[in-house]
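What follows is a set of notes on a single structure, which appears directly below.
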Amino acid sequence: MLKQYLQFKLSQKLSPQQIQLMKLIQLPTQAFEQRLKQELEENPALESGKEESDSLSDDFDDTYEADSDSDSIDTEDINIDDYLSDDEIPDYRTKANNYSADDEEKSVPYAAGISFNKYLLNQLNTSYLNNEEWSIAEFLVGSVDESGYIRRPISDILDDLAFTQNIYTEEKTIEKVLALVQELDPPGVAARSLEECLIIQLKRKEVTPSVELATAILEKSFEQFTKKHYKKLIQKHNISEEELKDAISEIEKLNPKPGGSYSGNNRMIEHVVPDFSIKIVEGELELTLNGRNAPELHVSREYNNMLKGYKDSKEKSKAQKDTVMFIKQKLDAAKWFIDAIRQRQQTLFITMNAIMQYQKEYFLTGDERNLRPMILKDIADKIDMDVSTVSRVANSKYVDTPYGTKLIKEYFSESMKNDQGEDVSTKEIKKILENVIREESKKKPLTDDKLAAILKEKGYPIARRTVAKYREQLDIPVARLRKQI
């Protein structure tokens, strides 16, 4: 039996241009500059800088359809005057005036240097190694990660040397060369664990009773040390509390990530470029958009002249017709991109301005307790934009404030009610929790239950499990691991 159904479906699809605009809005300053550079390279009709002469109008004729069977076309097929109109618009400038001269700096000079691995190999040049040992040493240095560790068993390294380097050796030979690599600077490099890293550093220090005790603790009681079982350490090593305190002090001076101490490390260095700047001028907030987000763009004068030449020519061949079609496509793309950048600027500025006004009390004082509960919908409703648009701005942009450079999404938080029934930001509660933990006695740190009780006394009735969640989000360990002698 056949059945017929009539179904109505309402759907909204974004055009390719809208999708591209959303992608442009999401880009932070440095990525936007790369996207701009790419567009300038791919579209010869788009040029940067000020246009010296009058450029094209805003109105483009989209009604032209090519007739591939015709050898000649009439100038009426394309309204050339729409492209060549001599109006009052000097160019398609997208330059914004709301940024300071400091923002004109386009590049940051970086000091040249060698990679971390090269730095280690250079030190090995002073050691006597035969060909096999040198090859092993090179492989070991190449296995050092960005923190300065070799996090692989000797047996795996032995297999890799055989399969990838065609070097057949023994584990004891690798261990011998590894011991040599571990003598390089910075101290602790090429260790296979945190325990080994710290012990290597201690053994290179001047021998004192505290250093000897610290070494013994790491070698014989590492797990008890990491769990801060101080009473067990005192009993096991038959020492006083003061001696233990001195030994722990020696350990705390060591570097758990020796690779991070080398400034020429081969890690990618991320430089945050603020997309906005907020300043306090005569008691009022002033918002500026980084000038690197507001380039001057215009349509190519050469393409303008090409259209003039087509309009003035008497004979119009098919080749000329194809050329004009190509020019039109590039001009349309250039106009769209310029308009998209203008929309991007407006969207960024309007969104950040709404956030700044919403959190005005915080930006005037810098006190995180003044941060109001704020979700994406609050700002979206305020500026009459989609939540996804606000999210694209907040998740990828930074703002320079008198209190440091912050990721915008950090100003968003859920709300909770205090004992007065008022909505307060979870960030406010986290700040108070952080302050309570900072002021606690480190000899007897507060448990999550006690923290919950203190917060309740301060007017924030939240459960112990919520306290634990906030503590973990603040990257604060449990009470036992915060304990000090």
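The values are calculated or read from the model by the stated rules, or taken from the named source; none is laboratory data. Note that the structure is a prediction, hence the values are computed from the model and not measured. All Cβ positions, glycine included, derive from the backbone under ideal geometry; neighbour counts span all protein chains shown. Each accessible area value is taken on the protein alone, full model and side chains, heavy atoms only, with ligands, DNA and RNA left out. Shrake-Rupley method; radii C 1.70, N 1.55, O 1.52, S 1.80 Å.
Worth pointing out:
- Dipole in debye (nearest 20) - segment 389-485, about Cα centre, beta carbon charges: Lys, Arg +1; Asp, Glu -1: 460 debye
- The local environment of K176, defined by Cβ-Cβ distances under 10 Å, has a net charge of -3 under the rule Lys, Arg +1 and Asp, Glu -1.
- Solvent accessible area, Å² - K430, 1.4 Å probe, full protein context: 50 Å²
- Per-residue Karplus couplings for segment 144-155, computed as 6.51 cos²θ - 1.76 cosθ + 1.60 with θ equal to phi - 60°, are listed in order as 6, 7, 5, 8, x, 9, 10, 9, 9, x, 4, 4 Hz, Gly and Pro entered as x.
- Excluding ligands, DNA and RNA, the accessible surface per residue across segment 431-485 is 61 Å² with a 1.4 Å probe.
- A full extension of the chain between K456 and R369 corresponds to an added length of 29.7 nm, given 0.36 nm per residue minus the alpha carbon distance.
- Rolling a 1.4 Å probe over the heavy atoms of the protein chains gives segment 197-267 an accessible area of 59 Å² per residue.
- Net dipole in debye of segment 120-277 [+1 Lys, Arg Cβ; -1 Asp, Glu Cβ; about Cα centre; nearest 20]: 540 debye
- Among L348, P373, W336 - extreme Cα towards positive end, dipole of segment 329-394, charges at beta-carbon: W336
- Surface share of carbon and sulfur [accessible, 1.4 angstrom probe, percent] for segment 346-478: 44 percent
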